[in-house]
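Take a look at the structure below.
The values are calculated or read from the model by the stated rules, or taken from the named source; none is laboratory data. Bear in mind that the values here come from a model prediction, so they are computed numbers and not experimental data. So basically every Cβ, Gly included, is an ideal-geometry build from the backbone, and we count neighbours across all protein chains shown.
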Amino acid sequence: MNENIVGIDSAIFMHPKIWKASGHVDGFADPMIDNKDSKKRYRADNLLEDKIARYIKDGKTEKAQELQNAMYQALEADNLPALKELIEQHEIVCPVSGTRNWTDVRQFNLMFSTQMGAMAEGSDEVYLRPETAQGIFVNFLNVQKSGRMRIPFGIAQIGKAFRNEVIARQFIMRMREFEQMEMQFFVKPGTEMEWYNHWKESRLKWHLAIGTPEDKYRFHDHVKLAHYANAAVDIEFEFPFGFKEVEGIHSRTDFDLSQHEKFATRNFNISILLRIKIMSLM
């Protein structure tokens, strides 16, 4: 137990401005591509990752590394035409139709939306939360004052999240409704990387304490960082279908509170804060 970490249960429906402030409305999307023959839709990066895995399995490590580097560069630059070009160059076929008759790559927003109001006309559009983090940030002052919390401290919650995943597959890796265990840890400026490394090692020790062999886990540093982060790493577990993320540790800088402060015209005193995001998907 950690005496400086408290729990919260935030709302599933929140004001649309919250998701505008967080960047989800404009940037929470995946690059998708359709096969014209099968009418099936795929994530472009998943098709490329599967091809990389096949190259490695066939012993073509140089080709795999070359494709991986090119994919990361395209994702970093949000270069959708380059992703399609890679799919065509490496002759990636649709798993269903077996053809290479692809559409252009497009961004697909992952948030579920609905209308709030008695009538469709004039109703406000609201979103089902795609993550539990923002509910923590908008309740930061409430928790800090009511709990008399002092920096450093954390706010944690367990709750439902919803994502408009085009492809629900691979066990529980891609679900449209799922449960998150998440904690945001608030620290003083200049200590964020110290805490980042602390939680990185602490969380891996927790996983190993369960009794799973250490060689089943690995750290995977993010090549492309999210818009809010200056450092990010995943703890990955080796499933029968390969290594997949089971937990993420992100240094979120002061992005979230500063954005909510700007959109809500409310003073969060963000000048004294930096945050590290600890998110577990269990």
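Looking at Phe178, Phe243, can you tell me which residue is in a strand (DSSP E or B) and more than 26 Å from Phe137 (Cβ to Cβ)?
Details: Phe178 fails: more than 26 Å from Phe137 (Cβ to Cβ).
Result of the check over Phe178, Phe243: Phe243.
Among the candidates Glu182, Glu261, Glu192, single out the residue that is surrounded by 13 or more Cβ atoms within 10 Å (Cβ to Cβ) and in contact with an Asp or Glu (Cβ under 9 Å, 6 or more places away or on another chain). Reasoning before the result, please.
Details: Glu261 fails: in contact with an Asp or Glu (Cβ under 9 Å, 6 or more places away or on another chain); Glu192 fails: in contact with an Asp or Glu (Cβ under 9 Å, 6 or more places away or on another chain).
It is Glu182.
This table checks each residue for (1) β-branched (Val, Ile, Thr); (2) touching a residue at least 24 places away in the same chain (Cβ under 8 Å); (3) assigned by TED's automatic domain parsing to the domain that holds Pro81.
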| residue | (1), (2), (3) |
| --- | --- |
| Asp9 | no, yes, no |
| Ile18 | yes, yes, no |
| Asp37 | no, yes, yes |
| Ala44 | no, yes, yes |
| Lys51 | no, yes, yes |
| Gly59 | no, no, yes |
| Glu62 | no, no, yes |
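Considering only residues that are at pLDDT below 90 and surrounded by fewer than 18 Cβ atoms within 10 Å (Cβ to Cβ), which ones fall in segment 70-84?
Correct list: Tyr72, Gln73, Glu76, Ala77, Asp78.
Would you check which residues across segment 11-65 are of a type in the set (Ser, Thr, Tyr) and surrounded by fewer than 18 Cβ atoms within 10 Å (Cβ to Cβ) and list them?
First pass over segment 11-65, keeping only residues of a type in the set (Ser, Thr, Tyr): 22, 38, 42, 55, 61.
Once the filter is applied, which keeps residues that are of a type in the set (Ser, Thr, Tyr) and surrounded by fewer than 18 Cβ atoms within 10 Å (Cβ to Cβ), segment 11-65 yields Ser38, Thr61.
Checking Trp206 against (1) of a type outside the set (Val, Ile, Thr); (2) at pLDDT below 90; (3) not in a strand (DSSP E or B), which test does it fail?
Among (1) of a type outside the set (Val, Ile, Thr); (2) at pLDDT below 90; (3) not in a strand (DSSP E or B), Trp206 violates only (2).
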